[in-house]
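Presented below is the structure to which this report refers.
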Amino acid sequence: PVQPSSTYVAPQPSTTLSTVVVPPASSSVAPPVSSSAPVNPGTCPSVPSGLGSPVSNQLNDPFTFHGGGKVTSKSDWTCRQAEISQLLQRYELGTLPGKPSSVTASFSGSTLSITVNDNGKSISFSVSISGRPSGSGPHPAIINFGTLGASLPVPAGVATIGFNNDDIAAQQGGSSRGQGKFYTLYGSSHSAGALTAWAWGVSRIIDALELTQAQTGIDPKRIGVTGCSRNGKGAIVAGALEPRIALTLPQESGAGGAGCWRIATWQKSQGQNVQDSTQIVQENVWFSPNFNTYVNNVNQLPFDHHLLAGLIAPRPVYIMENVDMEWLGKVSTYGCMGIARKQWQALGALDKFGYSQVGGNSHCSFPSSQQGSELNAFIGKFLLNNANAGNTNIFRSTQTHSSFNLDNWSPWAVPTLN
Ligand code: MCU
């Protein structure tokens with residue numbers, strides 16, 4: 001039987017209190033990295049409007065604000081994350097809309113149906129929840145980008161939520177720009193690229209899980225997100241833009257995901273056949289059209305993807321890459337994530353950062369060498385609440401990468417943030 005719908009209605013100035021369903025506590029706290037949070041919560045420094053000085057042959061300093069001040073505390077870090085989110089949205093990803101005016105959800109069989117009203121329009125989409133553990137729970141779940149099962153093995157005790165991300169924003173080459181339900185709500189010329197639109201969709205799934213917890217048995221505070229390749233780019237961006245994601249698991253996301261633009265450009269100058277910013281915007285609509293202005297001069301960007309990953313810190317992340325895939329940036333993901341890791345280091349959270357690069361497997365077929373002591377440790381510890389699930393401080397590649405020096409590319413100091 002169809003369960004009764006639950007509705008979250010964001011407080012509107014004109015809405016009387018009696019019609020407002022109070023949002024769950026978790027969503028009433030302004031998330032630090034979403035654009036639905038105030039641009040400058042509290043006492044954060046204002047974000048200068050310009051690009052700032054170019055940064056060449058190194059990655060931008062996570063611990064210096066765009067305006068020049070130093071990040072010296074955890075509360076500074078929260079401000080810096082809000083700033084980085086804003087800069088990424090401005091120059092690369094496009095704008096992430098804030099919380100919609102209403103989200104309604106119902107659960108029937110294994111289908112969670114979600115209706116979103118915003119901007120005077122309405123859309124509906126649904127996700128399937130498979131592998132729900134027996135027992136009342138609540139149980140953790142992993143949102144998988146794509147309609148089929150996850151490319152990685154989801155262990156028992158964890159449900160899988162199949163998210164048809166292409167339904168929210170198409171990714172069928174340049175001519176698919178502005179197609180999908182996100183653009184039905186916000187207009188086909190909205191600045192958001194597909195990655196941002198998908199992150200918005202993930203947020204709506206979590207809104208719906210918060211509303212239907214009694215029916216689904218899924219714990220909205222223990223939600224992981226995964227996807228492989230282009231959908232791995234989606235997973236890392238969702239983890240970055242949605243602070244309610246408890247575990248981010250991007251698989252072989254490569255260029256535009258765990259890779260850094262500057263490192264790919266440098267690899268290309270060394271004659272390597274790696275996907276770079278100039279090529280990626282011609283292949284597909286993952287990024288905002290705003291990004292086109294910068295793809296020929298990525299040194300101008302006040303960020304790179306180590307800072308995209310840093311929006312997740314100190315939440316847990318486990319990044320899987322393939323050492324055989326030069327096109328996907330075997331060096332650019334190694335370097336980018338090796339430097340991203342310093343943000344977890346500054347926060348005393350190295351046990352929540354994993355980067356693992358192995359080979360011998362074809363693209364998106366999960367290698368068993370990453371399963372027992374790595375993936376299962378992350379899922380066990382951070383979704384199944386098993387503190388003894390294993391070591392989750394991982395940084396490894398089966399290749400030496402002697403041509404790339406992590407410290408030369410990150411000459412800035414790493415503070416201890418308290
Ligand atoms: C790794 O993601 C992409 C890559 O960016 C593209 O250049 C390539 O065409 O496709 C990859 C992918 O999504 O493979 C399924």
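Considering the stretch 249-282 alone, what residues qualify as being among the polar types (S, T, N, Q) and either within 13 Å of the ligand (Cβ to nearest atom) or closer than 19 Å to N361 by Cβ (or both)?
If the condition is that a residue be among the polar types (S, T, N, Q) and either within 13 Å of the ligand (Cβ to nearest atom) or closer than 19 Å to N361 by Cβ (or both), then Q251, S253, N273, Q275, S277, T278, Q279, Q282 are the ones that fit.
For the stretch 298-352, give me each residue that is at positive phi and more than 16 Å from the ligand (Cβ to nearest atom).
G348
Please name all residue pairs, on different chains or six or more residues apart, with Cβ atoms under 6 Å, provided the first residue is in the stretch 253-266 and is at pLDDT 95 or above and in a helix (DSSP H, G or I) and the second residue is of a type in the set (K, R) and more than 11 Å from the ligand (Cβ to nearest atom).
From the stretch 253-266, no pairs qualify.
Identify the residue in the stretch 223-237 that is over 10 Å from the mean Cα position of the chain (by Cα) and either part of a loop (DSSP other than H, G, I, E, B) or more than 14 Å from the ligand (Cβ to nearest atom) (or both) and, among all such residues, is surrounded by the most Cβ atoms within 10 Å (Cβ to Cβ).
If we take residues in the stretch 223-237 being over 10 Å from the mean Cα position of the chain (by Cα) and either part of a loop (DSSP other than H, G, I, E, B) or more than 14 Å from the ligand (Cβ to nearest atom) (or both), then G224 is surrounded by the most Cβ atoms within 10 Å (Cβ to Cβ).
Tell me which residues, restricted to the stretch 283-297, are more than 16 Å from the ligand (Cβ to nearest atom) and part of a helix (DSSP H, G or I).
P289, N290, N292, T293
Among the candidates A246, A240, A197, which residue alone is within 19 Å of the chain's Cα centre (by Cα), in contact (Cβ under 8 Å) with a residue 12 or more places away in the chain and either within 14 Å of the ligand (Cβ to nearest atom) or farther than 24 Å from G180 by Cβ (or both)?
Answer to the selection: A246.
Count, please, the residues in the stretch 267-290 that happen to be within 17 Å of T196 (Cβ to Cβ), free of Cβ contacts under 8 Å to residues at least 60 places away in the same chain and not β-branched (V, I, T).
1
Evaluate the following for D351: is it crowded, with 24+ Cβ neighbours inside 10 Å, modelled with pLDDT of 95 or more and more than 18 Å from the chain's Cα centre (by Cα)?
no
The values are calculated or read from the model by the stated rules, or taken from the named source; none is laboratory data. All values derive from a computational prediction rather than experimental measurement. Methodologically, a virtual Cβ is constructed for each residue, glycine included, from the backbone with ideal geometry; neighbour enumeration extends over all protein chains shown.
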